[in-house]
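Asks: Please see the structure below; I have some questions.
Taken together, the values in this text are just the output of simple stated rules run on the coordinates, not laboratory data. It should be emphasised that the depicted structure is a prediction, and the values quoted were computed from it without experimental measurement. Using ideal geometry, Cβ is built from the backbone for each residue, glycine included, and neighbour counts are taken over all protein chains shown.
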Amino acid sequence: MEQQVMFDFWYLKSEEIELDGTESGAISYEVAIGVFGDAELEHQLDDIRITGLIKEDMLAFSIIHPPTLFQKLEEEGLFNIIEEIKATGFYFVMGEKQLLES
């Protein structure tokens, strides 16, 4: 029996800190994709990050809008994630279930 994989998408903002603990002022935006082996999002299998984005590029992923999200994932070469989401009929956005429209 094949295990279903669940995906949880997040927008993240990171601030760079110098080795001495001072703030550098550098900020990075990313799309984080938690990969889970269960629908309760308790058994994490992997963590995928699309990093080095400016805020507008991060928001262009439109993680709550499946057609736009899928297009951006295709551009990143993440075809398997799209296939898995379509097979399950849903994914998660910041822990909340997002159903695909029929």
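Asks: List the GluC sites (Glu not before Pro) within segment 51-102 that fall in a DSSP loop (any state other than H, G, I, E or B) and whose Cβ has at most 11 other Cβ atoms within 10 Å.
Replies: Qualifying residues, ordered by number: Glu101.
Asks: With each pseudo-label sitting 7 Å past Cα toward Cβ, what's the Glu101-Val35 distance in nm, one decimal?
Replies: 2.9 nm
Asks: Helix-derived [θ] at 222 nm for the chain: sum -39500 (n - 2.57) over DSSP H runs of at least 4, divide by residue count, nearest 500?
Replies: Result for the chain, helices only: -6500 deg cm²/dmol.
Asks: Would you calculate the separation in nanometres between label points at Asp46 and Phe79, each defined as 7 Å from the Cα along the Cα-to-beta-carbon direction?
Replies: 1.5 nm
Asks: Report the normalised scattering of the chain as log10 I(q)/I(0) at q = 0.15, 0.18, 0.22, 0.24 Å⁻¹, calculated by the Debye formula with identical scatterers on the alpha carbons.
Replies: Here the Debye-derived log intensity ratios amount to -0.64, -0.85, -1.16, -1.33.
Asks: In whole Å, what is the distance between the alpha-carbon centres of segment 54-102 and segment 1-52?
Replies: After rounding, the separation between the Cα centres reads 15 Å.
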